[in-house]
Amino acid sequence: MTFGILPSLHASRIFLLAPLLLSLCSPAQAKRKDVVVMNNGDHFTGEVKRLQDGLLYLETDYVSSNIGLDWNQVQSVQSTATYRIVLNNGQRFEGKIEKDSDAKAKTEDFMIREASEEVQVPAATVVIIDSRKPTFWRQLQGAIDFGYSFTSGNSQTTLDANTNAAYKTPGWEAATSFDSTFGGQSGASKTNREDLESTLSKFLNRNSFLVGYSDFLHSSRQDLNLRMTLGGGYGRYLKRTTNSNLSWLGGVVYINESFDTTTAQPSDQNMEAVLGLQYTFNRFNFGELDSQLQAFPGLTDAGRIRAKTNNSLTIKLRNNFHLAFTFWDNFDSEPPATAKKNELGVSSGIGWSF
């Protein structure tokens, strides 16, 4: 019986390995030959990936990572792929693209070819170009940052870890971020802070949008076990260019919070208004500034005001790595009797964008 089974096992292994061997031996899928020409005459051939924060990203066979080209210095683009395009007035399209600065209508040098029509606009009004990805994971965009410091004099340790990710489509966008800070010192109590924030935005016509918002915050410095914030509102872009965005948000949120102070463990539920501003600025070949400010005036708890801000500066390095500098602050005008009103932090570290 043993001699009869061995041939069948060998045959089954060959049968299972055959598709793998065929896939390894088959030629790789040919890459597109998109062509980008710069104002100084330089030519690049590869795959145009996206336009983001004033940079046109191109993947080539001879560079280890994507090349970021200054959109203002791009003379022409020729590509056969289909992209999602967003203009600075909020209009959204999906189709093929072509840029030609030598076109007769120099003021409308960017063409979008949709299934049923062609649209010509000035290239300066294009703020986002994004290629359609074949899978969910490849569509994600985000960053991971990590910072660590140690002082031998007082054996103080500080650890910061931050991550964020976003999934974008022509009609909506989902984004989430997680920030964690840990501090410890020999002979003293340890502190920690975790903040998980998520948003779901539905784009309306032009530059307005609806947003759903959730936030889960723990802060030992403010004796806060957990503050859960759920709500939503309406927002609008005040300014939108290739290099910068400025938007505001107004809405209502519900909060459920619990504290653990030295004297008691109070908890409460309230309704609050939310007013927010967000500004993003990108400078070619340097980095990005992202600033967010939110105020939460109390509705059912009149007179109480909470506020939070998150500000980050990233400086680009090679191969999608960057230096990250962050400043954040949480303020509560009426915390429990022995809890702190304010907590702020400054951190620095190294990160990687995807």
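Derivation of every value follows stated rules applied to the coordinates shown; laboratory data play no part. Being a predicted model, the structure only gives us computed values, none of them experimental. Cβ coordinates were reconstructed from backbone atoms using ideal geometry, including for glycine residues, and neighbour counts include every protein chain displayed.
For the residues LEU55, LEU344, LEU299, what sequence is obtained by ranking on other C-beta atoms within 10 Å, fewest first?
Listed from fewest to most nearby Cβ atoms, that is LEU344, LEU299, LEU55.
Note on the chain: dipole from Cβ charges, positive end direction compared against LEU69, ASN270, ALA115; the farthest Cα belongs to ALA115.
Counting Lys +1, Arg +1, Asp -1, Glu -1, what net charge surrounds ASN310 among other residues with beta carbon under 10 Å of its beta carbon? Walk me through the numbers on the way to the answer.
On the way: positive: LYS308; negative: ASP179, ASP195, GLU197, ASP290, ASP329.
It works out to a net charge of -4.
Pairs of Cα atoms nearer than 8 Å and 6+ residues apart set the relative contact order; for the chain it is 10 percent. Computed over the chain with a Gaussian network model linking Cα atoms closer than 10 Å, the most mobile of GLY233, GLY171, GLY95 is GLY171.
Against the chain, whose longest principal axis comes from its Cα atoms, helix 2-25 is set at around 90 degrees.
Charges on Cβ only, +1 for Lys and Arg, -1 for Asp and Glu, centred on the Cα centroid of the chain; of GLY142, LEU196, ALA324, which one is farthest towards the dipole's positive end? It is GLY142, whose Cα lies furthest towards the positive end. Can you compute the label reach from THR163? Point 7 Å from Cα along the Cβ direction, backbone N cut-off under 16 Å, restricted to the stretch 311-354. Taking a point 7 Å out along Cα→Cβ of THR163, the residues of the stretch 311-354 whose backbone N falls under 16 Å are 350-354.
Please work out which option in [x] 4, 18, 26, 24, 16, 8, 3, 1, 0; [y] 5, 19, 25, 20, 14, 10, 5, 1, 0; [z] 5, 23, 30, 23, 14, 4, 0 gives P(r) over Cα pairs in 10 Å bins from 0, in percent calculated from these coordinates, and answer with its label. Looking at P(r) over Cα pairs in 10 Å bins from 0, in percent for this model, the match is [y].
Structural descriptor for the stretch 291-354: relative contact order 28 percent, calculated from alpha carbon pairs under 8 angstrom and at least 6 residues apart.
Once the Cα-Cα distance is subtracted from the 0.36 nm per residue extended length, the SER353 to SER149 segment shows a gain of 71.2 nm. What the phi angles of the stretch 39-49 give under the Karplus curve with 6.51, -1.76 and 1.60, with θ = phi - 60°, is a coupling list of 4, 8, x, 5, 10, 10, 10, x, 10, 6, 8 Hz, glycine and proline written as x. Across the stretch 216-354, C-alpha contacts under 8 Å between residues 6 or more apart give a mean separation that, scaled by the residue count, equals a relative contact order of 17 percent. Kindly state, to the nearest 0.05, the FRET efficiency for ASP301 paired with ALA81, given R0 = 41 Å and r defined as their beta-carbon distance. The formula returns an efficiency of 0.20 here. Candidates PRO170, SER247, PHE182 compared by Cα position along the dipole of the stretch 137-353: farthest toward the positive end lies PRO170, with charges placed on Cβ. Cut-off 15 Å, label point 7 angstrom out along Cα-to-Cβ of ASP329: give me the residues of the stretch 245-283 whose amide nitrogen falls inside. Only 277 pass the distance filter.
Arranged from fewest to most other beta-carbon atoms within 10 Å of their beta carbon, GLU272, GLU118 become GLU118, GLU272.
Kindly state, to the nearest 0.05, the FRET efficiency for GLN269 paired with TRP172, given R0 = 25 Å and r defined as their beta-carbon distance.
Details: r = 29 Å, r/R0 = 1.18.
Between GLN269 and TRP172 the formula returns 0.30.
In this Cβ point-charge picture (+1 for Lys and Arg, -1 for Asp and Glu), the chain has a dipole of about 640 debye about its Cα centre.
Filter the cross-link list LYS168/LYS239; LYS190/LYS308; LYS96/LYS308 down to pairs whose alpha-carbon distance in this structure exceeds 31 Å.
LYS96/LYS308
What the Cβ-Cβ distance of ASN89 and LEU293 gives, at R0 = 25 Å and to the nearest 0.05, is a FRET efficiency of 0.50. About the centre of its Cα atoms, the stretch 34-132 shows a dipole size close to 200 debye [charges on the beta carbon of Lys, Arg (+1) and Asp, Glu (-1) only; nearest 20 debye].
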